[in-house]
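Asks: Structure provided below as structure tokens; questions to follow.
The values are calculated or read from the model by the stated rules, or taken from the named source; none is laboratory data. Treat the numbers as computed from the prediction; the structure is a model and nothing was measured. Quick reminder, even Gly has a Cβ in these numbers, built from the backbone with ideal geometry, and neighbours come from all protein chains shown.
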Amino acid sequence: MILTLTPNPAWDITLHTSSVTPGGSHRVPPGTARAGGKGINVARVLHDRRTDAVATLPVGGATGDLITADLSRSGLNFTASGIAGESRRTVAVVDDSTGQTTIFNESGPPMEPGEVDNLLACAADAAANAHLVVGSGSLPPGCPDDFYAHLVQIAHDRHLPCLIDASGSALLRAAEAGADLVKPNAAEAVAATGAADPFAGASDLLARGAARVLLSDGERGMFDLVAGEPTLHGTPGRVLSGNATGAGDAAVAAAATALTSGDDRDALVIRATAWSAAAVTMPAAGDLPDDPDAWIDSVRLTTHHGRPD
């Protein structure tokens, strides 16, 4: 079983429009609304690929009720920790004419220290039956930046690998705690470390203690960096257009699947690149086409013994 932890889940609303005019009024077709947040999206992808997954999350208020009801309807296994605040909402607006997505994220309800402790305890209990732990997404107000570092420790205390998809100081603390894989995108790697470019940022994360960095860079694909080893680069091999909101979550799900299956580095990068690209073609985050592995044949894998261009 793969355990995912989403400290800042959301009720995700996705709308599609033929074009976006700033300041204008738009009539759009019916959108989609469902439980979201990066860890939930990862669990949803795993569930759809018939991989056993459990999503752990805090919920509160009427929006929290919507989230748990949707997870139940979807057949996703989950454990929820109650909070006093109202769970947040997000809105993604996809401009079908350009393929660009504009996202509005509520910051999330403040969490009290006791609520943070309860959520980590909930994750620790669920980890007893896990083979791998994933921590993914933003931290709500009140959640300390070492939250994911504690999750890494929970996983390692149980001899489990831990994957972290985070940003800012939370990403740095997870790397320093020895996360087995961190998955920033190019902008996050630069912003968190203050490095001059994404590859310098990835090197900084490795130096801080992360065992591996899976760096996503949009249409350029995925870069897999391990200290002392060549850098692997997977490119999709197809022109992509659509909603990129869930691409990173699909990559994390692919990486988790590959690690629990004992796949080598090449196979992990190829699958992560393929699933990430396939996710862009879907209307909502957390979805993949019926056969995302069909994208594997189009992925091009290259090896860099020095710095990638």
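Asks: Would you mind telling me which numbered condition in (1) in a loop (DSSP other than H, G, I, E, B); (2) surrounded by 22 or more Cβ atoms within 10 Å (Cβ to Cβ); (3) modelled with pLDDT of 95 or more Leu205 fails?
Replies: Result: Leu205 fails condition (1) only.
Asks: Also: For the range 77-98, enumerate the residues that are touching a Phe, Trp or Tyr at 6+ places or on another chain (Cβ under 7 Å), surrounded by fewer than 18 Cβ atoms within 10 Å (Cβ to Cβ) and closer than 25 Å to Ile2 by Cα.
Replies: If the condition is that a residue be touching a Phe, Trp or Tyr at 6+ places or on another chain (Cβ under 7 Å), surrounded by fewer than 18 Cβ atoms within 10 Å (Cβ to Cβ) and closer than 25 Å to Ile2 by Cα, then no residue fits.
Asks: Filtering the range 15-52 down to residues that are in contact (Cβ under 8 Å) with a residue 40 or more places away in the chain, in a helix (DSSP H, G or I) and of a type outside the set (Gly, Ala, Ser), which residue is farthest from Val116 (Cα to Cα)?
Replies: Only one residue fits best here, namely Asp48.
Asks: Oh, and also: When you look at Ala55, is it without any contact (Cβ under 8 Å) to a residue 60 or more places away in the chain and touching a helix residue (DSSP H, G or I) at 6+ places or on another chain (Cβ under 9 Å), yes or no?
Replies: Yes: the conditions hold for Ala55.
Asks: Continuing with the same structure: Residues that are without any contact (Cβ under 8 Å) to a residue 60 or more places away in the chain and assigned to a strand (DSSP E or B): does the range 169-176 have at least one?
Replies: no
Asks: Would you say Val45 is at pLDDT below 95, closer than 26 Å to Arg158 by Cβ, among the β-branched types (Val, Ile, Thr) and surrounded by 18 or more Cβ atoms within 10 Å (Cβ to Cβ)?
Replies: So Val45 passes the test.
Asks: Taking only the range 147-159 into account, find how many residues are charged (D, E, K, R) and part of a loop (DSSP other than H, G, I, E, B).
Replies: 1
Asks: Go through the range 104-158 and give me each residue that's of a type in the set (Gly, Ala, Ser), touching a strand residue (DSSP E or B) at 6+ places or on another chain (Cβ under 9 Å) and surrounded by fewer than 18 Cβ atoms within 10 Å (Cβ to Cβ).
Replies: Ser107, Ala121
Asks: Just give me the residues in the range 180-237 being under 21 Å from Lys38 (Cα atoms) and of a type outside the set (A, V, I, L, M, F, W, C), in sequence order.
Replies: Within the range 180-237, Asp180, Lys183, Pro184, Asn185, Glu188, Arg212, Ser216, Asp217, Gly218, Glu219, Gly221, Asp224 meet the criteria.
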